[in-house]
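For reference, the structure discussed in these notes is given below.
The values are calculated or read from the model by the stated rules, or taken from the named source; none is laboratory data. None of these values were measured; they are calculated from a predicted model. Note that we place each Cβ from the backbone using ideal geometry, even for glycine, and neighbour counts take in every protein chain shown.
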Amino acid sequence: MFELFQTSLQPEEKTDLQQLVEHLGATDRRYFLRNEILQAFADYCQLSHKPSHFFHTSYVGQLIHYTHEMILENDHVWFVLRPKIADQEFWRISKDFSSWKQMTPQAFLDASDRLVNQYQSHILEIDLEPFSETAMRISDGRNIGQGLSSLNNYLCSQMWTNPQYWLDVIYKALHSLQYDNIQLLINQRIASGIQLKQQIKLALQLVSEQPPQQPYIKLHTQLQQLGFEPGWGNTSGRVRETLELLEQLFETPQPRILEAFVSRICTVFRVVLISIHGWIGQESVLGRDETFGQAIYVLEQARSLENRLQAATKLAGLDFFGIKPQIIILTRLIPHCAGTFCDLRWEKIDGTENAGILRVPFQGFNPEITDNWISKFQIWPYLEKFAEDAEKELLAKFQSKPNLIIGNYSDGNLVAFLLSRRLKVTQCNIAHSLEKPKYLFSSLHWQELEKQYNFSAQFTADLISMNAADFIITSTYQEIIGTPDSIGQYESYKYFTMPQLYHVVNGVDLFSPKFNRVPPGVNEDLFFPYYLKAKRDPQQSQRILDLLFYAENSQIQGFLEEPQKIPIFTVNVISLIKNIAGLIEFFGQSPELQKQCNLILLTSKLHPEEANCAEEIREMQEIRNLVNHYHLHGKIRWLGMRLPLSDMGEVYRIIADKQGVYVYFARFEAFGRSILEAMISGLPTFATQFGGAAEILEGLEDRFLINPTDFTESAQKIGDYLDKCQQNPENWREVSEFVIERIHHQYNWNIHTDKLLLLAKLFSFWNFIHPENNEARDRYVEALFYLIYQPRSQKILAEQQN
């Protein structure tokens, strides 16, 4: 970047940069983000009559395109440059543009504090970089998010380098496996790696003499005498294949062989899925608005985990010995639960044998608060005690320790850290969506936002749990490292300030193999293509058709003058981020779309008295104001009701019957479950370009990604597509078929669960090999918990009790 600054500050372009900075400084603001900087530069180029290529190809233009943040001080201008993904640089230019210098993150964070008049010369600095220096790391930024592959390659290369050492390590790992008092895989008759290698040959000779379908139980005694216990397979053929994989791994270690072998070995039998907020049940209580997607996710994940673990247990021959996997969703018990089962301590999950929801109450606090639902922003004071109580109940329910703990969202991940730290169990984190990057300047202005959001506790909890986790799974790559134009959600935790609390100068190692993209699936029993008429209930179809287009109801606002028009459909919660009001304004500003289409909204609420917060009330009022302002009566239907999932699948299919489109107009969306549901149902889908939708819509990006801040361009994209479909209906069907196939093959629960379990096994093995690697790091984040998080949570508790 030094050379780029040097050329940008040559006389012929220095003036352009100075004038751009002056243009920005003409406002009363001093902190600017990428979109604002690019727009200001575009305006400058236009006003200065620059040639069209100047915006991209000039040295100043290149510098501006690398710039993600800018701070204007009295004596200096600060640039945050991102020359490539996962790499940020901090540069300071003198006000007269005569000198420039690369600065440390600490210096930039000091400048940020000065910007809000909260600078202090001594402040706690959080730096986790020393724990990355000796750890295995990904060397190429293009492989970030593919930690499983990197770990496999690393382990196999080490096996080539030191085969005797790894022979003994694998022997010890296999010998350590037990289920309660049942020894698995290897018994005491095999005493070393060398002996294991020898005994494999004898065992292969034995099983090769048997018919491939010979049940394992008939070979059990003979294999046991050779030193082998259950877990190699349910038939002689399966046992032979598994032993051959291990033999190949010893002889020619390759990632595909390692992965194939580990996939066959059962080491995970008891899994805890943590989703703390509560209001998690089945069908009628799938979360509140802020947790709806997460509740669906954990329920479907639990069913898929049990299904895949049962199949693996059977293939390994362990069902002969009464071994059955158990899955528990851990959440909170809510006494005042509006007639739902959320006050029930144990609820079996429908369609499973050994999976259920364990609810643990927030005990020892003011019941006037804890007997009710508590927002995810206010839940922090209760988590430490909850983890202590949950540990006892989990051990009692399992009658043993779990093998894997999976946290969901910031609060669930913190509880996962506390439990896994105490139980010495492998920890997986799933963030779903991190709040910090969703709220601009949320860390810089945390004190102003603290009363409503308690970001000091949440961001500290995120730092603790994401560093303590053995592995992290994300739905998209952008969650980790963003795109060339945007910083990733996890990347936003690398450097940030919380003035007068602490500076984070290195908060997360993005090159750690712990990061893995493992997108979720969609329930294809409920959400399936519209053209599968035999799977659809005609009575349900008629009821949903009436509801969407014709019925009058206290929870429906608006009628359609021309219901035969093409439906533009969206489903989302009422919030500023989800941007329902923006969608209506976009529709209101497009007379062309109004001629062709009706707009149909499905939200969970319609009336202000149903709102849980002031933000929801403001959004509802804004929606009504916009409908009136743009005279959209007769062109829009707003349904404010929570439909069961079995009905939601048919909702999408009814819109597809009418060759409609789905539009997801959120300001930002980490993933978007409804995008999957709409696409698998056959709906061509337009989705926000800000977040993870680009990965879901891969292959359609240019035409179907929309900018929710640019109404004109968005309307042009949707309008152009609908025009083509009217001219040739095959255009609609081609896109419909494409999106169905994309979701079916890339976003399904079997793929998700198999990779999740493989990650759990390999990272458990990694911890078994090098248990000392994580201890110093865990001590560090434990200190953050007791010295920062705990005091912040106690302060929140004191405020809530008053």
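Scanning the range 465-514 for residues that are buried (at least 21 other Cβ atoms within 10 Å of the Cβ) and of a type in the set (A, V, I, L, M) yields MET466, ALA468, ALA469, ILE472, ILE473, ILE480, ILE481, ILE487, MET498, VAL504, VAL508, LEU510. Within the range 1-21, residues that are assigned by TED's automatic domain parsing to the domain that holds ILE37 reach partners that are of a type in the set (Val, Ile, Thr) with beta carbons closer than 7 Å, at six or more positions or on different chains, in the pairs SER8/VAL60; GLU13/VAL60; ASP16/VAL60; LEU17/VAL60; VAL21/VAL77.
Within the range 417-437, track down each residue that is aliphatic (A, V, I, L, M) and part of a helix (DSSP H, G or I). It would help to see each step written out before you state the result.
The initial filter retains those residues of the range 417-437 that are aliphatic (A, V, I, L, M), namely 418-419, 423, 425, 430-431, 434.
Selection gives LEU418, LEU419, LEU423.
Results for (1) modelled with pLDDT of 95 or more; (2) in contact with a Phe, Trp or Tyr (Cβ under 9 Å, 6 or more places away or on another chain); (3) under 14 Å from PHE738 (Cβ atoms); (4) not in a loop (DSSP other than H, G, I, E, B), shown as yes or no for each residue.
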position	(1), (2), (3), (4)
PHE671	no, no, no, no
MET679	yes, yes, yes, yes
LEU683	yes, yes, yes, no
ALA687	no, yes, no, yes
GLU698	no, no, yes, no
ARG703	no, yes, yes, yes
PRO708	no, yes, no, no
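Annotation for the range 5-23: no member residue is within 36 Å of the chain's Cα centre (by Cα) and farther than 19 Å from ASP75 by Cβ. Just checking, which of ILE170, ILE123, ILE194, ILE200 is outside any helix (DSSP H, G or I) and not hydroxyl-bearing (Ser, Thr, Tyr)? Within the list ILE170, ILE123, ILE194, ILE200, the selection yields ILE123. Of the residues making up the range 377-407, those that are out of contact with any Phe, Trp or Tyr (no Cβ under 7 Å at 6 or more places or on another chain) and not in a helix (DSSP H, G or I) number 10.
Within the range 26-37, no residue satisfies the criterion of being part of a loop (DSSP other than H, G, I, E, B), over 15 Å from ASN74 (Cβ atoms) and at pLDDT 90 or above. Per the listing TYR409, TYR439, the residue uniquely within 15 Å of ALA670 (Cα to Cα), surrounded by fewer than 18 Cβ atoms within 10 Å (Cβ to Cβ) and either touching a helix residue (DSSP H, G or I) at 6+ places or on another chain (Cβ under 9 Å) or of a type in the set (Val, Ile, Thr) (or both) is TYR439. Restricting attention to the range 412-459, the residues that are in contact (Cβ under 8 Å) with a residue 40 or more places away in the chain, closer than 29 Å to GLN801 by Cβ and among the small types (Gly, Ala, Ser) total 5.
Among the numbered conditions (1) over 22 Å from the mean Cα position of the chain (by Cα); (2) modelled with pLDDT of 95 or more, the only one that PRO771 does not meet is (2). Among the residues of the range 237-281, those identified as more than 16 Å from ILE327 (Cβ to Cβ), touching a helix residue (DSSP H, G or I) at 6+ places or on another chain (Cβ under 8 Å) and hydroxyl-bearing (Ser, Thr, Tyr) are THR242, SER263.
Condition test on ARG345, is it in contact (Cβ under 8 Å) with a residue 12 or more places away in the chain, of a type in the set (D, E, K, R) and buried (at least 16 other Cβ atoms within 10 Å of the Cβ)? So ARG345 does not fit the description; no.
Scan the range 360-369 and tell me whether some residue there is surrounded by 14 or more Cβ atoms within 10 Å (Cβ to Cβ) and closer than 30 Å to GLY322 by Cβ. Yes - at least one qualifying residue is present in the range 360-369.
Among the numbered conditions (1) in contact with a strand residue (DSSP E or B) (Cβ under 6 Å, 6 or more places away or on another chain); (2) surrounded by fewer than 17 Cβ atoms within 10 Å (Cβ to Cβ), tell me where ALA203 comes up short. (2) is the only condition that ALA203 fails. Close Cβ contacts (under 8 Å, 6 or more residues apart or on different chains) running from residues in the range 361-381 that are among the basic types (Lys, Arg) to residues that are assigned to a loop (DSSP other than H, G, I, E, B) comprise LYS376/HIS277. Only residues that are touching a helix residue (DSSP H, G or I) at 6+ places or on another chain (Cβ under 6 Å) and within 30 Å of ASP525 (Cβ to Cβ): list them for the range 759-794, please. Result: LEU759, LYS761. If you go through the range 729-754 and keep only what is assigned to a helix (DSSP H, G or I), in contact (Cβ under 8 Å) with a residue 60 or more places away in the chain and surrounded by 18 or more Cβ atoms within 10 Å (Cβ to Cβ), you end up with TRP732, SER736, VAL739, ILE740, ARG742, ILE743, TRP749, HIS752, THR753. With the structure loaded, tell me whether PHE686 is in contact (Cβ under 8 Å) with a residue 12 or more places away in the chain and either surrounded by fewer than 24 Cβ atoms within 10 Å (Cβ to Cβ) or in the same structural domain as ILE430 (by TED's automatic domain parsing) (or both) or whether it fails that test. No, not satisfied.
For the range 609-629, which positions are within 22 Å of GLY588 (Cβ to Cβ) and surrounded by 14 or more Cβ atoms within 10 Å (Cβ to Cβ)? Give the steps one after another, and end with the answer.
Here is the first cut: in the range 609-629, the residues within 22 Å of GLY588 (Cβ to Cβ) are 615-629.
Matches in the range 609-629: GLU615, GLU616, ILE617, ARG618, GLU619, MET620, GLU622, ILE623, ARG624, LEU626, VAL627.
Please verify whether ARG777 is assigned by TED's automatic domain parsing to the domain that holds GLY407, surrounded by 13 or more Cβ atoms within 10 Å (Cβ to Cβ) and among the basic types (Lys, Arg), treating the condition exactly as stated. So ARG777 passes the test. Within the range 117-131, the set of residues being under 18 Å from TYR780 (Cβ atoms) and surrounded by 17 or more Cβ atoms within 10 Å (Cβ to Cβ) comprises ILE123, ILE126, LEU128, PHE131. SER192: more than 23 Å from PHE471 (Cβ to Cβ) and polar (S, T, N, Q), yes or no? Spelling it out, SER192 is indeed more than 23 Å from PHE471 (Cβ to Cβ) and polar (S, T, N, Q).
For (1) more than 27 Å from GLY482 (Cα to Cα); (2) part of a strand (DSSP E or B); (3) among the hydroxyl-bearing types (Ser, Thr, Tyr), each residue gets a yes or a no:
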residue: GLU12; (1), (2), (3): yes, no, no
residue: LEU24; (1), (2), (3): no, no, no
residue: PHE41; (1), (2), (3): no, no, no
residue: MET70; (1), (2), (3): no, yes, no
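Considering only the range 593-600, I want to know if a residue exists there that is within 30 Å of the chain's Cα centre (by Cα), surrounded by fewer than 15 Cβ atoms within 10 Å (Cβ to Cβ) and not β-branched (Val, Ile, Thr). Don't jump to the end; show me each part of the working.
Step one: list which residues in the range 593-600 are within 30 Å of the chain's Cα centre (by Cα), which gives 599-600.
Subsequent filtering for residues that are surrounded by fewer than 15 Cβ atoms within 10 Å (Cβ to Cβ) retains none.
Taking every residue of the range 593-600 in turn, none turns out to be within 30 Å of the chain's Cα centre (by Cα), surrounded by fewer than 15 Cβ atoms within 10 Å (Cβ to Cβ) and not β-branched (Val, Ile, Thr).
Of the residues that make up the range 496-519, is at least one closer than 30 Å to GLN427 by Cα and of a type in the set (Gly, Ala, Ser)? Quick ask: steps written out before the conclusion?
Kept after step one, since they are closer than 30 Å to GLN427 by Cα, are these residues of the range 496-519: 496-498, 501-519.
Then keep just the ones that are of a type in the set (Gly, Ala, Ser); that gives 507, 512.
Checked against the condition, which is being closer than 30 Å to GLN427 by Cα and of a type in the set (Gly, Ala, Ser), the range 496-519 yields at least one hit.
One line per residue, one yes/no per condition, for (1) modelled with pLDDT of 95 or more; (2) within 18 Å of SER492 (Cα to Cα):
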position: VAL77; (1), (2): no, no
position: ALA86; (1), (2): no, yes
position: LYS95; (1), (2): no, no
position: PRO105; (1), (2): yes, yes
position: ASP110; (1), (2): yes, yes
position: HIS122; (1), (2): no, no
position: GLU125; (1), (2): yes, yes
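If I filter the range 664-672 for residues that are more than 20 Å from LEU705 (Cα to Cα) and either touching a strand residue (DSSP E or B) at 6+ places or on another chain (Cβ under 9 Å) or touching a residue at least 60 places away in the same chain (Cβ under 8 Å) (or both), do I get at least one hit? No; the residues of the range 664-672 include none that is more than 20 Å from LEU705 (Cα to Cα) and either touching a strand residue (DSSP E or B) at 6+ places or on another chain (Cβ under 9 Å) or touching a residue at least 60 places away in the same chain (Cβ under 8 Å) (or both).
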